[in-house]
Amino acid sequence: MSAAELPLTLVDPIALPAAPVLHVQGLVKSFDKREVLRGVDWSVPAGRVIGLLGRNGAGKTTLLRCLLGLSPIDGGQVQLLGAPMTEPGGERMHRIGFVPQTFDLFPWMKVRAYLDFTAAFYARWDHALAARLLQGWELDPKQKIGQLSQGQRQKLAIVRAIAPQPDLLVLDEPVASLDPQARRAFMTELLELMRHPGKTVIFSTHITADLERAGADIALLRDGRIQFMRPLAELRERFVRAVLTRAEGWAEAPAMAGALKATVAGSELQMLLEDADPAVLRALAEQAGAELRVETPTLEDLFVELA
Amino acid sequence: MRAVWQLWLQLWTRLPVLAVLAMLMCLTGLVLALIAMLDARVAYVGMGFVAFASWFWHIGLGQVLRGVCRPESFLLPGFRARLAWLGVADVAQWVLLPGVLLVLAGPPHGALIVAGLVVVAALGLALGCGRRVSLAIWAVFIAAGWMPRLASQVVTVALASPWTAPLLMLCAALLIRYALAPLLRIQDADTPTSPLENASIGRNSQSALDDAQARRGAWNRWLGELFDRAAQYALERSLQAYRRRPSAAGRLALVRRLLLPHDNPQALALRLVLVAGMVVIYFLAVMHRQHFDAAVVGAYAVLLTMARFPQLGRGMLRMRPNLADLYLTLAPATRGEYQKIMVDALMLLVPVSVLTALAYTLLGSVLAHAAEPARMLITAAIVATSASLVALAVHLIGPEGSFGRGAVNLVLIFGAMGAYWGGYWMLGAFGLAWGALALGTVTISFGGGVWYAAQREYQRRAPRFDAPLG
């Protein structure tokens, strides 16, 4: 595909820092006396799609807002695009796009006026892309933002975030209110954006299928910390679900190295295992007189088990 | 510059009427300043126009900035720098241009007038940003009222002193910093308060433009906690009572606790104490005037009471989506039954308003050593009753648009003021008993009639749960 055919206008290459796009150390954030983030350490390399997973209330939105300086932090350090993020400012703002979880800003503005207002601040604003997305997503430029549905507002927020051609795109549950067509269109845009070298996307979502489609690295936020960040393929490689079946059922799950979780359901024993040795599994099945079935868990299965 | 232009345009798109009027007034002032080159005395009139225009313009600008300065806006590249440039353009428009014309006209005290223009702009901006600096202006009036001779001497010296203009500029700079610093600080959003909360005490200082909440300081947060605790206590008591003996009255009390969380006895008492503080300041300010009329106390008490109802109108609109949940919880047999519950619940506002007006009037009459406190109290009680009924009625079924509501509020306030003064005269002319009877017959029957018709109409209408359009 030539540059002219790309949905995004290619821009002058920007010297990306050798350092990670994002580096967080010991980030602490509390609301009143409730500690939401308890010393987050996290490093995000450039050119990756990162899926931030966590249960409701885990602190995903808080973490993303702290990263961008939209919420004051109580401790730790955040380095974004090579500089400390004490408050949003500086030239790097031209390189950041953000889609908030709920877009409730400027309800009095019309869609066109809002985009004109925003575009005026950016050095690189892809008017053609914005116009194409508005048309494709059937957003009426003359309509007031307050009159848009939640899904339409989310579309507008995505247009606003992508049009400045950001190097770092932070998306907080961007597809939660989108219909399947719009979700698919959004994912297509996202994947197109990622074709450009050095583009990084961090997005929190509960729709794990989107992360699988994007081949994202998965970061899990739990208990106020990032528990791990691994490529999806590695997760798939390292985690297996072993299903042991025998007629007499299971009084308790046998001890096994790497077992993260075990569930007994009638004659079936399901175990989620990390770095399981197939030989050990087979030996266990033989010893217990059970039939062994090894499955690759989906990301959703992993999320349910681990989050 | 495109971004600065876009920022400048915000006032024109948000408050076009205000922007046009302020600009016309400013142009008039500038033309007068031009004419003043022939006659220097006209320059003062011209600058008066410019100052008025600047005051209104900057109140609007402050409100617009409250809406624009959200944390997400700071992700816009160079947002602060663009705001600073907007400030430069604003100074050029409202201070430098009139200042140059003034210098050309050459009247005395030119520097002072320019400094005054800066202070006026700063005050307007601070007020628009939701900062209660108007209290600081009162302090000046209080001091002047206490010691008029000294005040006059101070003014004479100040007019002659070369330090006055720089001091005024310093005051303006402090005011601007005081107004803008919270807007430029990124902080976590306050927990939203009930849309029906009473806004007259600063508990819920929202911009009428877009419901953007003013950033609350430590004092307001503490106050908020007190009100919330009182609301929680009242809700728990109502719940206990309902659990002990479920009844329609108990259910209505619960609905009231939900819709009007801060209209419980404890919160009312707290509000009265707070307002009493403000009233004391006010009386200190006005009672030293030479022609102070204590009867005005009742009029102001009614005015303060009526300030509650515009918030009710706006709040009912914003509450609509939440009311769907209430509808499902109440599970009424008919839509009319639900509407009746709403009407009955909101009816609480009438006695609350009357009690509030009486308390304010009583306090004011004591402070001002009113000659006829009974006459004031009776008039305030009757007028507050009828005005509350009418206000509640028009906000239930009245216009939804901000312009229509604004017009209705104006009519209500002027009507209530007229009724108070008319009633006060009647009680004086016919005696307390006959005057009260006549006033009550006219106003309460009018208020009751309007209320009766409005609540019938409200019950006839289908409940609406759609979110108001922005």
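The values are calculated or read from the model by the stated rules, or taken from the named source; none is laboratory data. Every value quoted in this text rests on a predicted model; they were computed, and no experiment measured them. As a convention, Cβ positions derive from the backbone with ideal geometry for all residues, glycine included, and neighbour counts pool all protein chains shown.
So, residue A:163, is that one among the aliphatic types (A, V, I, L, M), under 24 Å from residue A:88 (Cα atoms) and without any contact (Cβ under 8 Å) to a residue 40 or more places away in the chain or not?
Values: among the aliphatic types (A, V, I, L, M): yes; under 24 Å from residue A:88 (Cα atoms): yes; without any contact (Cβ under 8 Å) to a residue 40 or more places away in the chain: no.
It is false that residue A:163 is among the aliphatic types (A, V, I, L, M), under 24 Å from residue A:88 (Cα atoms) and without any contact (Cβ under 8 Å) to a residue 40 or more places away in the chain.
Residue A:87 is checked against (1) more than 22 Å from residue A:62 (Cα to Cα); (2) charged (D, E, K, R); (3) within 13 Å of chain B (Cβ to nearest Cβ) and fails just one. What number does that condition carry?
Of (1) more than 22 Å from residue A:62 (Cα to Cα); (2) charged (D, E, K, R); (3) within 13 Å of chain B (Cβ to nearest Cβ), only one is false for residue A:87: (1).
Can you say whether residue B:37 is aliphatic (A, V, I, L, M), surrounded by fewer than 18 Cβ atoms within 10 Å (Cβ to Cβ) and touching a residue at least 12 places away in the same chain (Cβ under 8 Å), as far as the supplied structure shows? Steps first, answer last, please.
On the way: aliphatic (A, V, I, L, M): yes; surrounded by fewer than 18 Cβ atoms within 10 Å (Cβ to Cβ): yes; touching a residue at least 12 places away in the same chain (Cβ under 8 Å): yes.
Yes, satisfied.
Here's a check for you: in the stretch B:420-430, which residue that is small (Gly, Ala, Ser) and free of Cβ contacts under 8 Å to residues at least 40 places away in the same chain is farthest from residue B:391 (Cα to Cα)?
For the stretch B:420-430, the residue satisfying everything is B:429.
Can you tell me which condition residue B:463 does not meet? The list is (1) surrounded by fewer than 20 Cβ atoms within 10 Å (Cβ to Cβ); (2) in contact with a helix residue (DSSP H, G or I) (Cβ under 8 Å, 6 or more places away or on another chain); (3) in a helix (DSSP H, G or I), and all the others hold.
Looking at each condition in turn, residue B:463 falls short on (3).
Restricting the first residue to the stretch B:310-326 and requiring it to be in contact (Cβ under 8 Å) with a residue 12 or more places away in the chain, which pairs with a second residue that is in a helix (DSSP H, G or I) meet a Cβ separation below 6 Å and a spacing of at least six or different chains?
That search, which allows pairs on different chains as well, returns B:310/B:409; B:312/B:395; B:313/B:395; B:313/B:405.
Could we say that residue B:329 is hydroxyl-bearing (Ser, Thr, Tyr) and at pLDDT below 85 here?
Details: hydroxyl-bearing (Ser, Thr, Tyr): yes; at pLDDT below 85: yes.
Yes.
Could you grab me the full set of residues in the stretch A:212-237 that are assigned to a helix (DSSP H, G or I) and within 14 Å of residue A:303 (Cα to Cα)? It would help to see each step written out before you state the result.
As a first pass, look at the stretch A:212-237 and keep what is assigned to a helix (DSSP H, G or I): A:212-214, A:232-237.
Scanning the stretch A:212-237 gives A:212, A:232, A:235, A:236.
Could you list all residues from the stretch B:81-119 that are without any contact (Cβ under 8 Å) to a residue 12 or more places away in the chain and within 14 Å of chain A (Cβ to nearest Cβ)?
Scanning the stretch B:81-119 gives B:81, B:84.
Report, ordered by the first and then the second residue, all pairs with beta carbons closer than 9 Å, sequence separation of six or more or different chains, a first member in the stretch A:279-303 that is more than 25 Å from residue A:51 (Cβ to Cβ), and a second member that is among the polar types (S, T, N, Q).
Listed pairs, sorted by first residue: A:290/A:245; A:290/A:267; A:291/A:245; A:292/A:245; A:293/A:245.
Could you list all residues from the stretch B:78-112 that are within 24 Å of residue A:94 (Cα to Cα), buried (at least 18 other Cβ atoms within 10 Å of the Cβ) and out of contact with any Phe, Trp or Tyr (no Cβ under 9 Å at 6 or more places or on another chain)?
B:83
Hey, could you check the stretch A:161-205 for residues that are β-branched (Val, Ile, Thr) and either under 13 Å from residue A:136 (Cβ atoms) or surrounded by 22 or more Cβ atoms within 10 Å (Cβ to Cβ) (or both) and say which is nearest to the chain's Cα centre (by Cα)?
Our first condition is that a residue be β-branched (Val, Ile, Thr); within the stretch A:161-205, this holds for A:162, A:170, A:175, A:188, A:200-202, A:205.
Now narrow it down to the ones that are either under 13 Å from residue A:136 (Cβ atoms) or surrounded by 22 or more Cβ atoms within 10 Å (Cβ to Cβ) (or both): A:162, A:170, A:175, A:188, A:200-202.
On the way: A:162: 16, A:170: 8, A:175: 11, A:188: 15, A:200: 11, A:201: 8, A:202: 5 Å.
Filtering first and then ranking leaves A:202.
Out of curiosity, is residue B:122 surrounded by 20 or more Cβ atoms within 10 Å (Cβ to Cβ) and either outside any loop (DSSP other than H, G, I, E, B) or within 14 Å of another protein chain (Cβ to nearest Cβ) (or both)?
Details: surrounded by 20 or more Cβ atoms within 10 Å (Cβ to Cβ): yes; either outside any loop (DSSP other than H, G, I, E, B) or within 14 Å of another protein chain (Cβ to nearest Cβ) (or both): yes.
Taking the combined requirement at face value, the residue satisfies it.
Confirm whether residue B:75 is touching a strand residue (DSSP E or B) at 6+ places or on another chain (Cβ under 7 Å) and either in contact (Cβ under 8 Å) with a residue 40 or more places away in the chain or buried (at least 19 other Cβ atoms within 10 Å of the Cβ) (or both). Before you say what the answer is, go through the steps one by one.
Working: touching a strand residue (DSSP E or B) at 6+ places or on another chain (Cβ under 7 Å): yes; either in contact (Cβ under 8 Å) with a residue 40 or more places away in the chain or buried (at least 19 other Cβ atoms within 10 Å of the Cβ) (or both): yes.
For residue B:75, the condition - touching a strand residue (DSSP E or B) at 6+ places or on another chain (Cβ under 7 Å) and either in contact (Cβ under 8 Å) with a residue 40 or more places away in the chain or buried (at least 19 other Cβ atoms within 10 Å of the Cβ) (or both) - is met.
Could you list all residues from the stretch B:57-80 that are more than 18 Å from residue A:108 (Cβ to Cβ) and more than 11 Å from every other protein chain (Cβ to nearest Cβ)? Full working, then the answer.
Of the residues in the stretch B:57-80, the ones more than 18 Å from residue A:108 (Cβ to Cβ) are B:57-58, B:71, B:74-75, B:77-80.
Scanning the stretch B:57-80 gives B:57, B:58.
Quick check on my filter: what residues within the stretch A:106-149 are assigned to a helix (DSSP H, G or I), among the hydrophobic types (A, V, I, L, M, F, W, C) and free of Cβ contacts under 8 Å to residues at least 12 places away in the same chain?
Going through the stretch A:106-149, the residues assigned to a helix (DSSP H, G or I) turn out to be A:111-119, A:127-136, A:145-147.
Going one step further and asking which of them are among the hydrophobic types (A, V, I, L, M, F, W, C), we end up with A:111, A:113, A:115, A:117, A:119, A:128-131, A:133-134, A:145.
Hits for the stretch A:106-149 are A:113, A:117, A:131.
In the stretch A:196-208, is there at least one residue being farther than 24 Å from residue A:163 by Cβ and either part of a strand (DSSP E or B) or in contact with a Leu (Cβ under 9 Å, 6 or more places away or on another chain) (or both)? Before the answer, list the steps.
Filtering the stretch A:196-208 down to residues farther than 24 Å from residue A:163 by Cβ leaves A:206, A:208.
From what is left, the residues that are either part of a strand (DSSP E or B) or in contact with a Leu (Cβ under 9 Å, 6 or more places away or on another chain) (or both) are A:206, A:208.
Yes: one or more hits.
For (1) over 20 Å from residue B:376 (Cβ atoms); (2) at pLDDT 90 or above; (3) within 14 Å of chain A (Cβ to nearest Cβ), each residue gets a yes or a no:
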{"site": "B:435", "(1), (2), (3)": "no, yes, no"}
{"site": "B:438", "(1), (2), (3)": "no, yes, no"}
{"site": "B:441", "(1), (2), (3)": "no, yes, no"}
{"site": "B:444", "(1), (2), (3)": "no, yes, no"}
{"site": "B:447", "(1), (2), (3)": "no, yes, no"}
{"site": "B:452", "(1), (2), (3)": "yes, yes, no"}
{"site": "B:457", "(1), (2), (3)": "yes, yes, no"}
{"site": "B:463", "(1), (2), (3)": "yes, no, no"}
{"site": "B:466", "(1), (2), (3)": "yes, no, yes"}
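Within the stretch A:275-299, track down each residue that is within 25 Å of the chain's Cα centre (by Cα) and either of a type in the set (Gly, Ala, Ser) or surrounded by 15 or more Cβ atoms within 10 Å (Cβ to Cβ) (or both).
Selection gives A:297, A:299.
Scan the stretch A:268-307 for residues that are within 30 Å of residue A:206 (Cα to Cα) and part of a helix (DSSP H, G or I) and jot them down. Break it down into steps so the answer makes sense when it comes.
Taking the stretch A:268-307 as the starting set, the residues that turn out to be within 30 Å of residue A:206 (Cα to Cα) are A:268-276, A:293-307.
Correct list: A:299, A:300, A:301, A:302, A:303, A:304, A:305, A:306.
Could you tell me which of the residues A:211, A:273, A:284 is touching a helix residue (DSSP H, G or I) at 6+ places or on another chain (Cβ under 9 Å) and either outside the structural domain of residue A:194 (by TED's automatic domain parsing) or more than 30 Å from residue A:38 (Cα to Cα) (or both)? Can you show your working first?
Details: A:211 fails: either outside the structural domain of residue A:194 (by TED's automatic domain parsing) or more than 30 Å from residue A:38 (Cα to Cα) (or both); A:284 fails: touching a helix residue (DSSP H, G or I) at 6+ places or on another chain (Cβ under 9 Å).
After ruling out the rest, the residue left standing is A:273.
Provide a single number: the residues in the stretch A:55-73 that are free of Cβ contacts under 8 Å to residues at least 40 places away in the same chain and either small (Gly, Ala, Ser) or on the phi > 0 side of the Ramachandran plot (or both).
Qualifying residue count, the stretch A:55-73: 2.
Tell me yes or no: at least one residue of the stretch A:247-262 is within 15 Å of residue A:49 (Cα to Cα) and surrounded by fewer than 20 Cβ atoms within 10 Å (Cβ to Cβ). Give the derivation first.
We begin by selecting, within the stretch A:247-262, every residue within 15 Å of residue A:49 (Cα to Cα); these are none.
No, the stretch A:247-262 has no match at all.
Mind checking which residues of the stretch B:425-439 are more than 11 Å from residue B:378 (Cα to Cα) and assigned to a helix (DSSP H, G or I)?
Going residue by residue through the stretch B:425-439, those that are more than 11 Å from residue B:378 (Cα to Cα) are B:425-426, B:428-431, B:434, B:438.
Selection gives B:425, B:426, B:428, B:429, B:430, B:434, B:438.
Pairs under 7 Å by beta carbon, first residue surrounded by 13 or more Cβ atoms within 10 Å (Cβ to Cβ) in the stretch B:384-411, partner among the charged types (D, E, K, R) and part of a helix (DSSP H, G or I), six or more apart or different chains?
B:397/B:457; B:398/B:405; B:399/B:405
Just need a number here: residues in the stretch A:106-144 that are hydroxyl-bearing (Ser, Thr, Tyr) and either farther than 23 Å from residue B:16 by Cα or within 9 Å of chain B (Cβ to nearest Cβ) (or both). If you could, list the steps in order and put the result at the bottom.
Taking the stretch A:106-144 as the starting set, the residues that turn out to be hydroxyl-bearing (Ser, Thr, Tyr) are A:114, A:118, A:122.
Okay, now just the ones that are also either farther than 23 Å from residue B:16 by Cα or within 9 Å of chain B (Cβ to nearest Cβ) (or both), so A:118, A:122.
Number satisfying all stated conditions: 2.
Just for the stretch A:91-105: of the residues that are at the interface with chain B (Cβ under 7 Å from one of its Cβ atoms) and in a loop (DSSP other than H, G, I, E, B), which one is nearest to the chain's Cα centre (by Cα)?
Restricting to residues being at the interface with chain B (Cβ under 7 Å from one of its Cβ atoms) and in a loop (DSSP other than H, G, I, E, B), the top hit is A:100.
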